[in-house]
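Peer 1: Below is one structure. I have some questions about it.
Just so you know, all these numbers are worked out from the coordinates, no wet-lab data involved. Note that the structure is a prediction, hence the values are computed from the model and not measured. When we count neighbours, we look across all protein chains shown, and the Cβ atoms used for this are built from the backbone with ideal geometry, even at glycine.
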Amino acid sequence: MLRRPQAWLLFPATIVCFVQSVLSQLSLAGFQPGQFLRTAEAAYPAVRVERTAEDHWLTKGFTISVMPEVTIIFQALPGEPRRIHSIQVIGDPASRHPLMLGMRLGMTEKEVVGILGPSKERKAYKDGDVDYVRLDWESRNYSCEFDGKGRLISFMLYGFQGFPDKPEMMPDTSELKAAIRETNLSVLEEILAPDFEIYLNGEVIKYEKAATTDLEENSRLRKAVLGPGGLKEALSLKDAEEDFQLRVAEAGEGSMHMYSVCKFPKSKLLKEIVYTYFAGRWRIYEIAFREGGNKTQVK
């Protein structure tokens, strides 16, 4: 049952539909493709499965629950062993373990399709003497599997297929300001890039565990964003005048990557917010405070 994402395998399609399915997703079990693998290792210290294939795909699996059994599996691409490329939750359908968008292990195929929309491909197969059904969606980054009784036993997110490649417009800070003003952590999770960093008082603050968990429980992160002298206060002050600029940097193999940088030339607290276009939208890559501008400790 532990397998590489099969988005590239060609299965004969038995169901082909043109009804729009749910858009590609960027979060499963609180984690995001693009987060560093160390965040999974910090959340689940006991490794259940670890292996590197001949083609250098790295797989690490961790136990979420023993009784009933539920496992979460992360995979990293060759050449990028530090970053999560795919996330798979697999386990006993009786666990009813939550996945995303209201889905749980144990759901029927009809229930899953009712949430995600009709799949493009439905493939029945055997693993030994055991029957399974796999569903894949057109230009989406998720797939799932059902056991011989038609119960959902596995759900996977892999990579960034289905996200727009180019932005339609440049970013602005209005969504960020609304999210922190209303303490809307779900929107904030969408705005932050999986590998974002905050530079404050000589410290680097970033995700330490699952994105969803960290936004709720990481006190250093919450104070840097919502606390006194943090991002919320900095953006609320009259000196937070914005000056958007473009920054281009090398991205490896001769390619270049464009960032949109919102500078705050008059702010006593905030230096700049750097946006990167990632997984179909502008997301915050870096937040830099001015040295000495914030005296509040974030520990």
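Peer 1: Looking only at the stretch 164-188, which residues are under 16 Å from Ile198 (Cβ atoms) and touching a helix residue (DSSP H, G or I) at 6+ places or on another chain (Cβ under 6 Å)?
Peer 2: If we filter the stretch 164-188 for residues that are under 16 Å from Ile198 (Cβ atoms), which is where we start, we get 173, 176, 179-180, 185, 188.
Scanning the stretch 164-188 gives Leu176, Ala179, Ile180, Leu185, Leu188.
Peer 1: Within the stretch 36-63, count every residue that is surrounded by 12 or more Cβ atoms within 10 Å (Cβ to Cβ) and in a strand (DSSP E or B).
Peer 2: The qualifying residues number 11.
Peer 1: Another question, then. Filter the stretch 64-80 for residues that are closer than 13 Å to Gly159 by Cα and either assigned to a strand (DSSP E or B) or of a type in the set (Asp, Glu) (or both) and give the result.
Peer 2: Phe74, Gln75, Ala76, Glu80
Peer 1: Do you know which residues across the stretch 81-113 are surrounded by fewer than 17 Cβ atoms within 10 Å (Cβ to Cβ), in contact with a strand residue (DSSP E or B) (Cβ under 9 Å, 6 or more places away or on another chain) and assigned to a loop (DSSP other than H, G, I, E, B)?
Peer 2: Result: Pro81, Arg82, Arg96.
Peer 1: Could you grab me the full set of residues in the stretch 80-96 that are touching a residue at least 12 places away in the same chain (Cβ under 8 Å) and among the acidic types (Asp, Glu)? Lay out the reasoning, then the answer.
Peer 2: Of the residues in the stretch 80-96, the ones touching a residue at least 12 places away in the same chain (Cβ under 8 Å) are 81-95.
Listed by number, the list holds a single entry, Asp92.
Let's see how each residue does on (1) surrounded by fewer than 21 Cβ atoms within 10 Å (Cβ to Cβ); (2) free of Cβ contacts under 8 Å to residues at least 24 places away in the same chain; (3) in contact with a Cys (Cβ under 9 Å, 6 or more places away or on another chain); (4) farther than 16 Å from Ser24 by Cα:
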{"position": "Ile115", "(1), (2), (3), (4)": "yes, no, no, no"}
{"position": "Arg122", "(1), (2), (3), (4)": "yes, no, no, yes"}
{"position": "Asp131", "(1), (2), (3), (4)": "yes, yes, no, yes"}
{"position": "Arg134", "(1), (2), (3), (4)": "yes, no, yes, yes"}
{"position": "Arg140", "(1), (2), (3), (4)": "no, no, no, no"}
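Peer 1: Given (1) in contact with a Gly (Cβ under 8 Å, 6 or more places away or on another chain); (2) within 20 Å of Tyr142 (Cβ to Cβ); (3) surrounded by fewer than 20 Cβ atoms within 10 Å (Cβ to Cβ), identify the lone condition not met by Glu69.
Peer 2: Every listed condition holds for Glu69 apart from (2).
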